[in-house]
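Encoded as C-alpha coordinates, the structure appears first; notes follow it.
The values are calculated or read from the model by the stated rules, or taken from the named source; none is laboratory data. Everything quoted here is computed from the prediction, not taken from an experiment. Cβ placement follows ideal geometry from the backbone for every residue including glycine, while neighbour counts extend to all protein chains displayed.
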Amino acid sequence: MNIKNLNQAFVEIAEKKNQLFQFAKEGSTYQELQDEVRRLEEDFQMTFGAYIEEALFNVHDEYCPDNEVLKPISYLASHYESKNGNEVYDVDPEEGIEVEADDFPGIKAKLVLVPGPTRLVLQGLNADFKETVWVARQPLEA
(Lines give C-alpha, C1' and ligand atoms only; values in the text may rest on other atoms or scores of the structure.)
Protein backbone atom coordinates (compact mmCIF):
# COMPACT_ATOMS: atom_id res chain seq x y z
CA MET A 1 0.00 0.00 0.00
CA ASN A 2 1.45 3.33 -1.06
CA ILE A 3 0.07 5.95 1.32
CA LYS A 4 1.30 8.82 -0.86
CA ASN A 5 -0.79 7.48 -3.77
CA LEU A 6 -3.77 7.03 -1.44
CA ASN A 7 -3.51 10.62 -0.22
CA GLN A 8 -3.09 12.01 -3.76
CA ALA A 9 -6.10 10.07 -5.05
CA PHE A 10 -8.22 11.24 -2.11
CA VAL A 11 -7.17 14.89 -2.51
CA GLU A 12 -8.16 14.69 -6.19
CA ILE A 13 -11.61 13.45 -5.16
CA ALA A 14 -11.91 16.19 -2.53
CA GLU A 15 -11.01 18.91 -5.04
CA LYS A 16 -13.51 17.59 -7.61
CA LYS A 17 -16.21 17.36 -4.93
CA ASN A 18 -15.47 20.96 -3.95
CA GLN A 19 -15.81 22.06 -7.59
CA LEU A 20 -19.07 20.13 -7.86
CA PHE A 21 -20.35 21.72 -4.65
CA GLN A 22 -19.89 25.19 -6.22
CA PHE A 23 -22.08 24.48 -9.27
CA ALA A 24 -25.82 24.61 -9.56
CA LYS A 25 -27.22 21.09 -9.90
CA GLU A 26 -28.00 21.64 -13.54
CA GLY A 27 -26.15 21.87 -16.80
CA SER A 28 -23.57 19.88 -18.66
CA THR A 29 -20.62 21.06 -16.53
CA TYR A 30 -22.29 19.80 -13.37
CA GLN A 31 -23.08 16.44 -14.99
CA GLU A 32 -19.51 16.08 -16.30
CA LEU A 33 -18.06 16.83 -12.86
CA GLN A 34 -20.51 14.46 -11.21
CA ASP A 35 -19.50 11.69 -13.63
CA GLU A 36 -15.82 12.39 -12.97
CA VAL A 37 -16.33 12.28 -9.19
CA ARG A 38 -18.20 8.98 -9.53
CA ARG A 39 -15.36 7.52 -11.64
CA LEU A 40 -12.71 8.74 -9.18
CA GLU A 41 -14.67 7.25 -6.27
CA GLU A 42 -14.98 3.90 -8.04
CA ASP A 43 -11.23 3.85 -8.77
CA PHE A 44 -10.53 4.84 -5.16
CA GLN A 45 -12.76 2.04 -3.87
CA MET A 46 -11.14 -0.54 -6.14
CA THR A 47 -7.57 0.52 -5.37
CA PHE A 48 -7.72 1.42 -1.67
CA GLY A 49 -11.05 -0.01 -0.47
CA ALA A 50 -9.68 -3.13 1.24
CA TYR A 51 -7.10 -1.10 3.18
CA ILE A 52 -9.66 1.47 4.36
CA GLU A 53 -12.28 -1.20 5.10
CA GLU A 54 -9.86 -2.85 7.52
CA ALA A 55 -9.44 0.48 9.29
CA LEU A 56 -13.21 0.99 9.33
CA PHE A 57 -13.76 -2.42 10.94
CA ASN A 58 -11.20 -1.56 13.64
CA VAL A 59 -12.66 1.91 14.27
CA HIS A 60 -16.22 0.59 14.38
CA ASP A 61 -15.14 -2.18 16.75
CA GLU A 62 -13.58 0.34 19.13
CA TYR A 63 -15.91 3.36 18.90
CA CYS A 64 -19.25 2.32 17.43
CA PRO A 65 -19.63 -1.48 17.51
CA ASP A 66 -23.41 -1.37 17.13
CA ASN A 67 -23.20 0.17 13.66
CA GLU A 68 -22.73 -1.64 10.37
CA VAL A 69 -19.51 -0.96 8.44
CA LEU A 70 -20.26 0.50 5.02
CA LYS A 71 -18.10 0.82 1.90
CA PRO A 72 -15.32 3.40 2.34
CA ILE A 73 -16.78 5.78 -0.25
CA SER A 74 -19.92 6.01 1.89
CA TYR A 75 -17.85 7.89 4.48
CA LEU A 76 -16.77 10.61 2.04
CA ALA A 77 -18.11 14.11 2.60
CA SER A 78 -20.02 16.06 -0.04
CA HIS A 79 -17.34 18.76 0.17
CA TYR A 80 -14.18 19.54 2.11
CA GLU A 81 -12.74 22.73 3.57
CA SER A 82 -9.14 23.36 2.58
CA LYS A 83 -6.96 24.68 5.40
CA ASN A 84 -4.45 27.43 4.56
CA GLY A 85 -4.38 26.47 0.86
CA ASN A 86 -2.51 23.29 1.74
CA GLU A 87 -3.59 19.74 1.11
CA VAL A 88 -4.98 19.59 4.64
CA TYR A 89 -8.75 19.38 4.85
CA ASP A 90 -11.54 19.59 7.38
CA VAL A 91 -15.27 18.91 7.19
CA ASP A 92 -18.49 20.38 8.47
CA PRO A 93 -20.02 18.52 11.47
CA GLU A 94 -23.03 17.66 9.27
CA GLU A 95 -20.83 15.45 7.05
CA GLY A 96 -20.32 11.72 7.47
CA ILE A 97 -22.24 8.63 8.50
CA GLU A 98 -24.22 8.86 11.74
CA VAL A 99 -23.02 6.34 14.33
CA GLU A 100 -23.77 5.47 17.94
CA ALA A 101 -20.45 6.25 19.57
CA ASP A 102 -20.09 4.39 22.88
CA ASP A 103 -17.76 7.07 24.28
CA PHE A 104 -20.37 9.78 23.68
CA PRO A 105 -23.76 8.41 24.80
CA GLY A 106 -26.77 10.50 23.83
CA ILE A 107 -24.77 12.58 21.33
CA LYS A 108 -25.34 12.39 17.60
CA ALA A 109 -21.95 11.49 16.21
CA LYS A 110 -20.74 11.13 12.65
CA LEU A 111 -17.82 9.20 11.19
CA VAL A 112 -16.24 10.74 8.10
CA LEU A 113 -13.23 10.05 5.88
CA VAL A 114 -11.05 13.15 5.41
CA PRO A 115 -7.95 13.68 3.23
CA GLY A 116 -4.68 15.44 3.98
CA PRO A 117 -3.59 13.05 5.50
CA THR A 118 -6.20 10.37 4.87
CA ARG A 119 -7.96 9.83 8.20
CA LEU A 120 -11.22 8.91 9.87
CA VAL A 121 -12.74 11.58 12.07
CA LEU A 122 -15.44 11.04 14.69
CA GLN A 123 -17.31 14.25 15.32
CA GLY A 124 -20.34 15.43 17.20
CA LEU A 125 -23.23 16.77 15.20
CA ASN A 126 -24.40 19.18 17.91
CA ALA A 127 -21.56 18.73 20.36
CA ASP A 128 -18.16 20.25 20.69
CA PHE A 129 -15.94 17.29 19.90
CA LYS A 130 -13.94 16.13 16.93
CA GLU A 131 -11.47 13.29 17.22
CA THR A 132 -9.21 11.71 14.65
CA VAL A 133 -9.64 7.99 15.30
CA TRP A 134 -7.44 6.60 12.50
CA VAL A 135 -4.73 7.93 10.18
CA ALA A 136 -3.45 6.06 7.10
CA ARG A 137 0.14 5.00 7.62
CA GLN A 138 2.60 3.08 5.52
CA PRO A 139 2.44 -0.55 6.71
CA LEU A 140 5.62 -2.05 8.13
CA GLU A 141 7.47 -4.35 5.78
CA ALA A 142 7.32 -8.00 6.82
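Values as computed for the structure displayed
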{"quantity": "Set Val69, Val59: member being among the hydrophobic types (A, V, I, L, M, F, W, C) and in a loop (DSSP other than H, G, I, E, B)", "calculated": "Val69"}
{"quantity": "Candidate set from the stretch 102-125 (those that are at pLDDT 90 or above and part of a loop (DSSP other than H, G, I, E, B)); member that is farthest from Val88 (Cα to Cα)", "calculated": "Thr118"}
{"quantity": "Complete set of residues in the stretch 97-108 that are small (Gly, Ala, Ser) and either farther than 15 Å from Leu56 by Cα or loosely packed, with under 14 Cβ neighbours inside 10 Å (or both)", "calculated": "Gly106"}
{"quantity": "Among (1) exposed (fewer than 14 other Cβ atoms within 10 Å of the Cβ); (2) more than 19 Å from Ile13 (Cα to Cα); (3) at pLDDT 95 or above - the single one Glu26 does not satisfy", "calculated": "(3)"}
{"quantity": "Glu94 under 15 Å from Leu56 (Cβ atoms) and not aromatic (Phe, Trp, Tyr)", "calculated": "no"}
{"quantity": "The stretch 29-46, residues that are surrounded by 15 or more Cβ atoms within 10 Å (Cβ to Cβ) and of a type outside the set (Asp, Glu)", "calculated": "Tyr30, Leu33, Gln34, Val37, Leu40, Phe44, Gln45"}
